1. Quick check on this structure: which one of VAL647, VAL681 is under 28 Å from the mean Cα position of the chain (by Cα), modelled with pLDDT of 95 or more and open to solvent by 10 Å² or more (accessible area, probe 1.4 Å)?
2. Of the residues that sit in the stretch 602-624 and are hydrophobic (A, V, I, L, M, F, W, C) and at pLDDT 95 or above, which one is farthest from ASP652 (Cα to Cα)?
3. Looking at GLY686, GLY701, GLY646, which is the one that is on the phi > 0 side of the Ramachandran plot and touching a residue at least 12 places away in the same chain (Cβ under 8 Å)?
4. Looking only at residues in the stretch 247-260 that are in a strand (DSSP E or B) and open to solvent by 60 Å² or more (accessible area, probe 1.4 Å), which one is nearest to GLU129 (Cα to Cα)?
5. How many residues does the stretch 735-770 contain that are free of Cβ contacts under 8 Å to residues at least 24 places away in the same chain and within 28 Å of the chain's Cα centre (by Cα)?
6. Taking SER83 as the residue in question, decide whether it is at pLDDT 90 or above, within 18 Å of LYS733 (Cβ to Cβ), surrounded by 16 or more Cβ atoms within 10 Å (Cβ to Cβ) and not aliphatic (A, V, I, L, M).
7. Return the only residue of GLU251, GLU236 being in contact (Cβ under 8 Å) with a residue 60 or more places away in the chain and of a type in the set (Asp, Glu).
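The values are calculated or read from the model by the stated rules, or taken from the named source; none is laboratory data. A quick note: this is a predicted structure, and the numbers were derived from the prediction, not measured. Counting neighbours? That spans all protein chains shown, and the Cβs are built from the backbone with ideal geometry, glycine included. We work out accessible area using only protein heavy atoms, side chains counted, and drop any ligands, DNA or RNA first. Shrake-Rupley method; radii C 1.70, N 1.55, O 1.52, S 1.80 Å.
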Amino acid sequence: MFFPLWGFAQLTQAIKGTVRDKESRSPLVGVVVTVISTGGGLGNVTDESGRFVIANVPVGKHSLRLSYLGYQVVELNDILVTSGREVVLTVEMEETATKIEEVTVSAKRGHINEMAIVSARTFDVQEAERYAGSRADPARMASNFAGVQGADDSRNDIVIRGNSPQGVLWRLEGVDIPNPNHFSVPGTTGGPVSMLNSKTLGNSDFFMGAFPAEYGNATGGVFDLKLRNGNADRTEVTAQLGFLGTELAAEGPISQKNGSSFLVAYRYSTLKLFEGLNIKIGTSSVPNYQDATFKLNFPMGQKKKANLSFFGIGGLSKIDLIVSNLTEQPEELYGESDRDQYFYSNTGVVGSSFGYIINSSTYTNLTVAYTANRIGSHHDKVFRGADFQVDSLKSILDYTYTTRSTVAHWYINKKLSVRHTIKAGLVNTYYDLDLLDSSRQYPPTRQQWEHRSNFSGGTNLAQGYVQYKYRPNDKLTATAGVHGQYLSHNGATAIEPRAALRYRVNNSNSLSLGYGLHSQMQQLYQYFAHLPQNSAAQMHNYDIGFTRSHHLVLGYDHRFSNVLRVSSEVYYQYLFNIPVEKRAGSSFSGLNQGNSFSRIFPDTLQNTGTGYNYGMEVTIEKQFSKGYYFLLTGAVFNSEAKGNDGVYRSTDYNTRFATNLLVGYEHRLGKNSTLFGGLKVTYAGGQRYSPPDIAASNTIGDYVVVDSLRNTLRFPNYFRTDVKAGVRFNRKKVTHEIAVDLVNVTGQKNLLNLTYSSDLAMQGSTYPFLEQYQLGFLPLFYYRLDFGSGKK
């Protein structure tokens with residue numbers, strides 16, 4: 001099929017983009033842009049709007065160099081040029097503080113947020129699509145970074161440095177958003193499948209500690225996502241068919257004269273294919289989901305000093321986990337094996353953003369968005385006889401949680417001089433809640449329904465920040481700021497200082513140091529829950545304050561070349577004001593939440609718990625050049641928390657170490673086609689778990705831990721190998737790409753957890769618990785078609 005295509009004449013495409021000052025956002029006129037991978041014969045300069053167009057660039061991988069008098073030179077590597085789509089870039093350049101030797105920075109590793117110095121990395125969308133096993137999921141791709149754990153095949157939770165994934169803040173276009181994953185459960189930030197479509201994302205920032213003062217209501221990390229603008233010059237379409245979904249994306253000009261554009265994408269699940277091929281995906285049921293993303297962008301004014309955009313993402317997901325029709329014990333990753341479960345999760349975000357360049361040194365922006373999240377589930381307990389035949393069904397759980405929010409973020413950024421920049425802003429989020437929960441799960445003989453949530457009302461989280469950046473010269477950069485937040489319903493307040501330094505010893509070596517105090521509110525449904533024996537008005541955890549955390553980070557970075565680097569960070573985090581149960585002798589800690597498909601209803605809490613995380617991380621990275629790339633990351637760490645019993649124990653996430661090796665290779669097949677492949681190997685510590693109290697578990701009908709021995713046991717270490725291979729071939733105006741992603745290619749059996757089996761208990765087993773394994777071998781396939789029409 002492919003061989004006849006290799007002989008076509010060399011195909012070309014255009015690279016275009018906009019260049020701005022990093023601090024002021026003002027367009028830069030006269031920047032020299034050169035395609036250095038072609039020997040420097042191709043290039044152009046930016047016009048009065050900061051735009052450039054380089055035509056007739058041969059298809060393949062390329063590197064650009066941008067130079068401008070008084071600014072640091074920028075090099076962009078690993079730019080993929082195909083015949084089906086134009087390459088559209090947005091590049092920010094930083095003014096030199098002093099006239100010293102030329103400084104060259106790699107834009108791929110630079111941070112979009114100009115105040116970021118430590119524990120920050122730019123998320124490259126191309127990486128999410130390239131890396132084996134990432135499934136084009138930003139969260140799963142982030143698990144390759146040093147300090148981020150990704151040893152749970154059933155979910156894409158982001159576990160950073162031993163912190164609960166609850167401590168992660170998701171942002172989109174500058175505003176806080178709810179969990180952007182399908183099949184999300186209240187109180188979590190991850191899920192089995194992401195709603196985020198990598199084809200619509202621009203490069204985004206990922207923070208792992210001591211993040212800038214702009215970010216609040218997070219103690220673990222921040223994923224600050226940006227949607228890219230559509231191509232304003234011509235219409236382009238992407239169509240993709242794969243096991244994980246059928247996708248269609250389109251972009252193009254709304255008005256070529258005004259430079260306005262649109263970008264839309266839609267995806268519908270096709271997991272039914274796995275059922276037909278008898279491939280195990282962790283459940284015997286077929287998940288159904290669909291999602292959509294859009295962005296409309298309108299530059300305004302004669303000199304394009306203003307910009308208005310509208311954006312949105314939305315997802316619908318539903319699954320019926322039916323076990324009553326099975327004739328043998330099921331292997332469920334996503335539900336409990338003793339009940340039929342009917343679950344749905346719907347999430348949407350729509351918003352508008354207006355930015356205005358007041359003058360050459362001042363920029364302001366206002367973003368307003370509305371979000372909605374509705375999650376519901378109904379459970380029917382399955383009672384079986386000794387022969388595994390169904391005796392009866394009993395409704396035991398029903399809940400519907402609806403959370404709506406109106407969020408606004410305004411900020412102003414002022415570049416006082418080449419050495420001084422200040423940024424200040426306000427963020428306000430109003431939450432409107434309808435929470436209803438009824439249960440008669442435990443013990444199985446219970447007949448009377450109990451309410452745990454019955455609330456309609458709202459609360460407001462107000463945040464403000466100011467941050468300052470000082471660069472006395474090109475070697476030293478310092479930032480300082482303060483963030484404050486206030487929760488209206490109980491008056492919880494926090495003032496949080498932040499500061500960081502980076503010293504560039506020479507062109508190859510740099511040191512960094514960062515500190516931050518961070519705070520986060522508890523999960524909303526826990527504030528407004530009540531004990532079953534009390535009335536709905538007696539919300540026993542209504543007044544719980546923020547969880548708080550001190551972050552201290554020391555980093556070192558060495559660049560062997562523009563494409564090869566090694567970096568390391570050591571860190572210490574002290575967490576305090578952690579919710580723990582008032583019950584004497586309880587080992588419960590609020591840090592052990594956020595990574596399951598179940599909600600947690602703790603007893604009466606108080607902010608007296610503490611915890612700590614410390615560790616070291618190393619990254620060795622070679623960006624794509626000479627046909628290959630690799631990324632080797634490793635982390636060793638310790639994560640412990642103390643409950644009301646006064647004993648420090650390992651948290652649920654204290655796996656002690658995590659390593660990843662990613663390798664990729666590309667080989668040209670003639671002038672216009674490319675064969676590519678990738679390998680990922682993950683080796684990490686085994687998950688923590690607690691020994692079960694057998695008698696209590698049999699009485700309750702669920703897994704009950706021995707409280708005094710919480711997290712004292714650990715499963716065997718986790719190991720997984722993923723392989724990806726494919727071919728990309730270009731024809732005139734069209735690019736084809738076919739690939740297979742072989743997840744867990746060796747079929748390694750990794751343990752996930754232990755679950756209580758009421759069926760085994762009914763059969764008189766002395767140990768009624770089942771080992772639950774993670775995904776086995778999972779082959780994924782996709783075919784993608786890119787094509788464009790209109791002015792080239």
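1. Details: VAL647 fails: under 28 Å from the mean Cα position of the chain (by Cα).
Exactly one residue qualifies, and that residue is VAL681.
2. Restricting attention to the stretch 602-624, the residues satisfying the condition of being hydrophobic (A, V, I, L, M, F, W, C) are 605, 616, 618, 620, 624.
Now drop any that are not at pLDDT 95 or above, which leaves 605, 616, 618, 620.
Values: LEU605: 19, MET616: 19, VAL618: 23, ILE620: 28 Å.
Ranking the candidates gives ILE620 first.
3. Values: GLY686 fails: on the phi > 0 side of the Ramachandran plot; GLY646 fails: touching a residue at least 12 places away in the same chain (Cβ under 8 Å).
Within the list GLY686, GLY701, GLY646, the selection yields GLY701.
4. Filtering the stretch 247-260 down to residues in a strand (DSSP E or B) leaves 247-255, 260.
Those still in the list that are open to solvent by 60 Å² or more (accessible area, probe 1.4 Å) too: 248, 254.
Details: LEU248: 16, ILE254: 28 Å.
So, considering only residues that are in a strand (DSSP E or B) and open to solvent by 60 Å² or more (accessible area, probe 1.4 Å), the one nearest to GLU129 (Cα to Cα) is LEU248.
5. Initially, the stretch 735-770 is screened for residues free of Cβ contacts under 8 Å to residues at least 24 places away in the same chain, giving 760, 764-765.
Right, trim to within 28 Å of the chain's Cα centre (by Cα) and you get none.
Number satisfying all stated conditions: 0.
6. Numbers: at pLDDT 90 or above: yes; within 18 Å of LYS733 (Cβ to Cβ): yes; surrounded by 16 or more Cβ atoms within 10 Å (Cβ to Cβ): yes; not aliphatic (A, V, I, L, M): yes.
When the stated conditions are applied, SER83 passes them.
7. On the way: GLU251 fails: in contact (Cβ under 8 Å) with a residue 60 or more places away in the chain.
Selected residue: GLU236, the only one of GLU251, GLU236 that is in contact (Cβ under 8 Å) with a residue 60 or more places away in the chain and of a type in the set (Asp, Glu).
So that you can scan it fast, the table gives a plain yes or no per residue for (1) in contact with a Phe, Trp or Tyr (Cβ under 9 Å, 6 or more places away or on another chain); (2) among the polar types (S, T, N, Q); (3) open to solvent by 10 Å² or more (accessible area, probe 1.4 Å):
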residue	(1), (2), (3)
ASN595	yes, yes, yes
SER598	no, yes, yes
LYS622	yes, no, yes
LEU662	yes, no, no
